[in-house]
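Please read the structure below before turning to the comments.
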Amino acid sequence: MKMNGSSKRKGLFFPLLLVGLGVFLLLINLGVVPGTTRENLLLYWPVLLVLAGLDGLWRQEGLVWPLVVLGVGVLLLLGNLGYLSVRALPLLAKIWPILLVAIGIDIAFGRKRSGWYLVLWAGLGLLVVGMIFWLAVAFPVTLGTRTVNFEQNLEEAQFSNIQLNVIRGRVILSGGAESDQLLAGTAVLPLSSSLSPVYTKPVDGESSLSLSVESNNNPLAGDQSAYEYDFKVNSRMPIDLRAEVVIGELQLDLRNTLTKHLETELALGTQNLTIPCIEGLDVDVDQALGLVTLNIPRGCDVTIRLDNALVNTTLPAGWVRDGEVVSNPNVSPGAGEVEVRIGVAVGAVTINAID
């Protein structure tokens, strides 16, 4: 008996992904492809969209939608390679309604796969892809910004809990605030956004500061790289620090601080964390998708527990990994004992030993 002609083909996305990723990582390890694994993942991740689009065309579940996914992947790849001035997240924030148009076209014409309907269907798909390319080139995506200065004094606090909540953008934090300041710096915000601090004065010497960003517009619109939060924290007072970012970057250099507890959470983006070697410091890092770099003083007595899924992990030479636990065998005399947990769903983790 013949199979029904409308039977769906098996998908090629995951086989192609596994084969392509395996070959790609092998070429990186052999030095044929220059750069680190992290750098190449940041550069070539739009290939996933290209493969997803090709898979949709192969399975014949639609025409416009796969073409759009394929086109967006090619566009973002060209942007990453420097052939077009395109940033992935701002572009996706701008053109996402077109994806609804593509789905609607597939629903309307998807059952008619012969003659002029097929030609019209393919033509509409190519038209939508062309619109995406035109929008990416013709219209800037950066919203207007303004710079806001922020300062919170110590008010005789001896210990403080600090929490930063940012929807999108780059958060830069280091030590070096004035001796009478708890936190100080500047924020480059969208015109429709404002800083919203909540400060609790010291009780028994302990204060708390929560600093978030409030927006009246789409919180994911505009060029994420244009929004930057650059702060310095007091270097002489112990602090507990928590930083949450939805989309963007975390760049924390806490070497010149007395951080006792650090907790970071990021949905999509990159984290670059430099921690001190302080006795009793514990660090908890969570990320859904992206890259985490953890810089640790070379002789620190650190134990790192990896709670990762689809993650490539790079360790310093000579460090020991036993299952999901990483340790430094070359501990300096008198070095502080530090506990770290890293949880990443998909991405890469790089651990560096620094001087």
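If you scan the range 251-275, which residues turn out to be outside any strand (DSSP E or B) and either of a type in the set (A, V, I, L, M) or surrounded by fewer than 21 Cβ atoms within 10 Å (Cβ to Cβ) (or both)?
L254, R255, N256, I275
Each row is one residue, and each column tells you yes or no for (1) among the polar types (S, T, N, Q); (2) surrounded by fewer than 19 Cβ atoms within 10 Å (Cβ to Cβ); (3) modelled with pLDDT of 75 or more.
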site	(1), (2), (3)
P34	no, yes, no
G53	no, no, yes
V64	no, no, no
V72	no, no, yes
L77	no, no, yes
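Is there a residue in the range 243-252 that is assigned by TED's automatic domain parsing to the domain that holds T350 and either over 16 Å from the mean Cα position of the chain (by Cα) or free of Cβ contacts under 8 Å to residues at least 60 places away in the same chain (or both)?
No, that holds for no residue.
Only one of V326, V338, V292 is part of a strand (DSSP E or B), free of Cβ contacts under 8 Å to residues at least 40 places away in the same chain and assigned by TED's automatic domain parsing to the domain that holds T350. Can you tell me which? Before you say what the answer is, go through the steps one by one.
On the way: V338 fails: free of Cβ contacts under 8 Å to residues at least 40 places away in the same chain; V292 fails: free of Cβ contacts under 8 Å to residues at least 40 places away in the same chain.
Of V326, V338, V292, the one residue that is part of a strand (DSSP E or B), free of Cβ contacts under 8 Å to residues at least 40 places away in the same chain and assigned by TED's automatic domain parsing to the domain that holds T350 is V326.
Let me spell it out: the conditions are (1) assigned to a strand (DSSP E or B); (2) surrounded by 15 or more Cβ atoms within 10 Å (Cβ to Cβ), and V331 meets all of them except one. Which number is the exception?
Of (1) assigned to a strand (DSSP E or B); (2) surrounded by 15 or more Cβ atoms within 10 Å (Cβ to Cβ), only one is false for V331: (1).
The values are calculated or read from the model by the stated rules, or taken from the named source; none is laboratory data. Because the structure is a prediction, the values reported are computed rather than measured. No Cβ is skipped: glycine too gets one built from the backbone with ideal geometry, and neighbour counts run over all protein chains shown.
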